[in-house]
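**Q** So that we are looking at the same thing, I have put the structure below in C-alpha cells.
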Amino acid sequence: QETQVQVPDLVFPTGFVWGAATSAYQIEGAVSEDGRGVSIWDTFVRQPGRVVNGENADTAIDHYHRYREDVETMAGLGLGAYRFSISWPRIQPDGTGPANAKGIDFYSRLVDELLSRGIDPWVTLYHWDLPQSLEDAGGWPSRDTAQRFADYAALVHDALGDRVRNWSTVNEPWCAAFLGYASGEHAPGRREPAQALRAAHHLLLAHGLAVEAMRAQRSDTRIGGCVNLYAISPETESEADLDAARRIDGLQNRFFLDALLKGAYPADVLEDFGAMADFAQDGDLDVISAPLDMLLINYYSRFTVSGKPGGAASAAAAPTDSGSPWVGSEHVSFVQGGRPVTAMGWEIDDSGLYELLVRLAREYPAVPLVISENGAAFDDVMTGDGTVRDYERRDYIAAHLRTCHAAIEAGVPLEGYFAWSLMDNFEWAWGYGKRFGLVHVDYETQVRVPKESALWYAETIRRGGLSGPAE
Ligand code: GBH
C-alpha cells in the first residue's frame, strides 16, 4: 500500500540543494592523531578565560572516529549535501610543505563514504583553524599567510577535486579577522584593530590566490566565497543612527561583498578607517575579485544600531572578556529590536534574510547564491520517550526556508540551503553550552539522536518543500 505524498504549499525548484553543515575543529576531536599539527584554536582554548568553563575541543564529538556513523545519520535524514571543513594542520602540520598523507586520507575516506550514500560533499577550506606556526610567523596580518593558504588549497583541491565538485575558500572572513584580531573573542585572541584590517584584507587575498591556484588545476569544480551577512536597521531615522547603520553595514557586509564581487573596497568604509586603510597593494583587488561560481551566505540575525553612545558594544553579550570588533566605528551601539531571541540572545528575523537576498540579487547580480549556514541555539527538551523536542529550532528553520522560497519566487538565484548545524558541537568561546544541532549529541557517551527538527527537516527534504505559515 503506497502512502499518498502530500504536496507541500511551497515547492522548491528541482535541483535545490538541501544540506547541513559543520566545521572541523567544532566536531573532529583527535587533535594529535595521524600527524595533525597544532592550530591557533588548540592554543587559544588552553589560555585561561578564553572559553566558558575552560572547555576545549580535544575530543569534541569525536567525528574523526565516528564519521561513518555520522554519514549514516545524514543518509537517514535524506540530506542531499553535507558541508564540512578541512583542518589545515591535518594537511600541513606547520602550514607549509607537502601534504601529510594521513590527513588527506581522512578526508578522502569521508568523501567516499558520502558519495557512496548519495550525499554531495561541499568542502570549506578554512573554518578558522590556522596552523599555529603560521600565527607565530605573524598570522593573518602577515601578507605571506595568504600565499601559504593558496598552496594549501592547491594540495587539497588536487587530492579531492576528482570527487568534490563544490568548494569554498574562507568561512566568514569577518569573524576570522575581527573576532580573531580586534575583539579577541576568537583565536588567536589579539586586540589590535589596525592589524585586524590587515587580517581581513589578507583573508580576502588568500581567497583570491586560492581561486587562482585551484582554477589552474582543473576547470570542472565550482568555487565560491563565503561571507556572514546581517540585515541592519538604524534604531531611528536620525542622522546619527543612519550613519551608524551605514558603518556597520559597511564593515559587516559591503567591505567583503564589494571586494569579492566588485573588485573595490567601499570608499566610505575606507574613509572610516582613516590612516589604518593602508593594507592593500596594487593589483590585490583584481586577485580578490576573480569570478566566482557562487556566493555562500551565512545568515543568523538582524542588528539594530544607534549612533548614540552608551549602548551595547555588540548585538549580543560576548561570553568572555573581549573588545569591540567594529574597527573604526567603536562608538556605534547595538540595541534590541524587540524580536524574540535564541539562546545566544540573537534576534530571530527571517524578514532580514529576505531583505538581504533581494538586495544581493539586485546589487551584485550574476552570481548564484547559496545559504551555507542558518540555524539557532535553543535549549532542547529531553523527553522520557527518547525524542528530543526542539520545536523552536524547527520553527526557526521553517520560517527561514519560507523566506528562501519567497526570494526564489521574487527571482533571486538561490540554489541551496544548509542548516547549521548537522550536530551539536563545540560552539567556540561558548564551549559546549550552546547547542545548534539538528542531531543531539550526548557529550559523555557521544550518542547521537536526531531531534524533532531533524525529523521535520527530513520530511521537508522528502517532500521537496514545506507548508505555509499556517501549518
Ligand atoms: C557561524 O558564525 C560559524 O560559522 C559557526 O562556526 C558557528 O558555530 C555558528 O555561526 C554559530 O555561532 O554580537 O556584534 O559581536 C556565526 C557568526 C559572528 C555570529 C559574531 C554572532 C556576534 C556579533 N557570528 N556574531 S556581535
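The values are calculated or read from the model by the stated rules, or taken from the named source; none is laboratory data. What you see is a predicted model, and the numbers here were worked out from it, not measured in a lab. For neighbour counting, all protein chains shown are included, and Cβ atoms are generated from backbone atoms with ideal geometry for every residue, glycine included. Remember, those area values only see protein heavy atoms, side chains included, never the ligands or the DNA or RNA. Shrake-Rupley method; radii C 1.70, N 1.55, O 1.52, S 1.80 Å.
**Q** Show the residues, 5+ positions off or on another chain, whose built amide H is closer than 5 Å to the amide H of Glu172.
**A** Counting only residues 5 or more places away or on other chains, the set is Cys226, Val227, Asn228.
**Q** Give me a comma-separated list of calculated 3J(HN,Hα) values for region 165-176, in order, Karplus coefficients 6.51, -1.76, 1.60 applied at θ = phi - 60°, integers in Hz, x for any Gly or Pro.
**A** Residue by residue, region 165-176 yields 8, 10, 10, 9, 8, 9, 6, 6, x, 4, 5, 4 Hz.
**Q** Determine ³J(HN,Hα), in whole Hz, for all residues of region 241-251 in sequence, where each value follows from phi through the Karplus function 6.51 cos²θ - 1.76 cosθ + 1.60 and θ = phi - 60°; x replaces Gly and Pro.
**A** Rounded to whole hertz, the list is 6, 5, 5, 4, 5, 4, 5, 6, 4, x, 6.
**Q** Still on this structure: Given axes a ≥ b ≥ c from the Cα gyration tensor, I'd like to know whether region 1-105 is rounded (a/c under 1.5), prolate (a/b larger than b/c) or oblate. Show your work: numbers first, answer last.
**A** Details: a/c = 2.69, a/b = 2.04, b/c = 1.32.
Prolate shape, in that a/c is at least 1.5 and a/b is the bigger ratio.
**Q** Same structure, new question: Apply the Karplus curve 6.51 cos²θ - 1.76 cosθ + 1.60, θ = phi - 60°, to the phi angles in region 275-288 and return the couplings in whole Hz, x for Gly and Pro.
**A** 5, 6, 7, 10, 8, 8, 9, 3, x, 4, 5, 5, 5, 4
**Q** Put Val38, Val211 in order of accessible area, largest first, 1.4 Å probe: what do you get? Spell out each step's value before the answer.
**A** Numbers: Val38 80, Val211 0 Å².
I get Val38, Val211, largest accessible area first.
**Q** Based on Cβ point charges of +1 for Lys and Arg and -1 for Asp and Glu, what charge dipole magnitude is obtained for the chain about its Cα centre, in debye rounded to the nearest 20?
**A** Rounded to the nearest 20 debye, it is 440 debye.
**Q** How much of Arg435 can a 1.4 Å solvent probe reach, expressed as accessible area in Å² and rounded to 10?
**A** Here the residue's solvent-accessible area equals roughly 50 Å².
**Q** Compute for region 101-259: radius of gyration divided by Kirkwood radius, i.e. Rg/Rh, restricted to C-alpha atoms, rounded to two decimals. Walk me through the numbers on the way to the answer.
**A** Details: Rg = 17.8 Å, Rh = 17.0 Å.
In region 101-259, Rg relative to Rh is 1.04.
**Q** Just going by the charge dipole of region 317-438, with Lys and Arg at +1 and Asp and Glu at -1 on Cβ, which of Gly416, Ala343, Tyr391 is farthest out on the positive end?
**A** The residue sitting farthest along the positive end of the dipole is Gly416.
**Q** Mind running the shape call on the chain? Use the C-alpha gyration tensor, a ≥ b ≥ c as the square roots of the eigenvalues: rounded below 1.5 for a/c, prolate if a/b tops b/c, oblate otherwise. Please list the in-between numbers first.
**A** Numbers: a/c = 1.32, a/b = 1.11, b/c = 1.20.
It is rounded, given that a/c, with a ≥ b ≥ c, falls under 1.5.
**Q** Mind checking the dipole of region 297-358: about its Cα centre, +1 per Lys or Arg Cβ, -1 per Asp or Glu Cβ, Debye to the nearest 20? Write down the numbers at each step before the final one.
**A** Values: 3 positive and 6 negative charges, 24 e Å.
For region 297-358, the charge dipole is close to 120 debye.
**Q** Compare the Cα positions of Leu369, Thr403, Gly352 along the charge dipole of region 349-466 (+1 at Cβ of Lys, Arg; -1 at Cβ of Asp, Glu; about the Cα centre) and return the one farthest towards the positive end.
**A** Leu369
**Q** Given H placed on each backbone N at 1.01 Å, which residues far from Asp349 in sequence or on other chains put an amide H within less than 5 Å of it?
**A** Sorted by chain and number, the residues that satisfy this are Arg302.
**Q** Can you tell me the dipole magnitude for region 385-433 around its Cα centre, using point charges on the Cβ only (Lys, Arg +1; Asp, Glu -1), in Debye to the nearest 20?
**A** Details: 4 positive and 8 negative charges, 16 e Å.
Rounded to the nearest 20 debye, it is 80 debye.
**Q** Check cross-link reach from Lys434 to the lysines: straight Cα distance under 19 Å, and skip same-chain residues fewer than eight apart.
**A** Leaving aside lysines fewer than 8 places away in the same chain, those within reach of Lys434 are Lys451.
**Q** Accessible area per residue of the chain at 1.4 Å probe, in Å²?
**A** On the way: 17130 Å² over 471 residues.
In whole numbers, the chain has 36 Å² accessible per residue.
**Q** Then there's this: For region 398-471, with all protein chains present and a 1.4 Å probe, just round the carbon and sulfur fraction of the accessible area to a whole percent. Each step should come with its number before you reach the end.
**A** Working: 1260 of 2370 Å².
The value for region 398-471 is 53 percent carbon and sulfur by accessible area.
**Q** What's the carbon and sulfur percent of region 1-95's accessible surface, probe 1.4 angstrom, rounded to a whole number?
**A** Details: 1860 of 3940 Å².
With neighbouring chains kept in place, the figure for region 1-95 is 47 percent.
**Q** Same structure, new question: Which sequence of Tyr230, Tyr443 reflects their accessible areas, 1.4 Å probe, from the largest down? Please list the in-between numbers first.
**A** Numbers: Tyr230 30, Tyr443 60 Å².
Putting Tyr230, Tyr443 in descending order of accessible area: Tyr443, Tyr230.
**Q** Still on this structure, I have one more. Please report, to one decimal in angstroms, the Kirkwood hydrodynamic radius of region 360-438 built from all distinct Cα-Cα pairs.
**A** Value: 14.4 Å, from the Cα pair sum.
**Q** Ignoring ligands and nucleic acids, what accessible area does His157 show with a 1.4 Å probe (Å², nearest 10)?
**A** So the heavy atoms of His157 present about 0 Å² to solvent.
**Q** When the C-alpha atoms of region 327-396 are aligned to their principal axes, what extent does each axis show, in angstrom, from largest down?
**A** Here the spans come out as 50, 35, 21 Å, largest first.
**Q** Quick one: pull the percent of accessible area on region 185-342 belonging to carbon and sulfur, 1.4 Å probe, ligands and nucleic acids left out.
**A** On the way: 2970 of 5970 Å².
Of all accessible area on region 185-342, carbon and sulfur atoms account for 50 percent.
**Q** Please give the calculated 222 nm ellipticity per residue for the chain, where each DSSP H segment of at least 4 residues contributes -39500 (n - 2.57) and the sum is spread over every residue; nearest 500 deg cm²/dmol?
**A** Numbers: 15 runs with 167 residues, N = 471.
Rounded to the nearest 500, the figure is -11000 deg cm²/dmol.
**Q** Say each of Ala240 and Leu455 gets a label point 7 Å from the Cα, pointing the same way as Cα to Cβ; how far apart are those two points in nm?
**A** My value for the distance between the label points is 5.2 nm.
**Q** Further question on the same structure: Work from the charge dipole of region 142-245 (Cβ charges, +1 for Lys and Arg, -1 for Asp and Glu, about the Cα centre) and give the residue of Leu160, Tyr230, Pro188 farthest towards its positive end.
**A** Leu160
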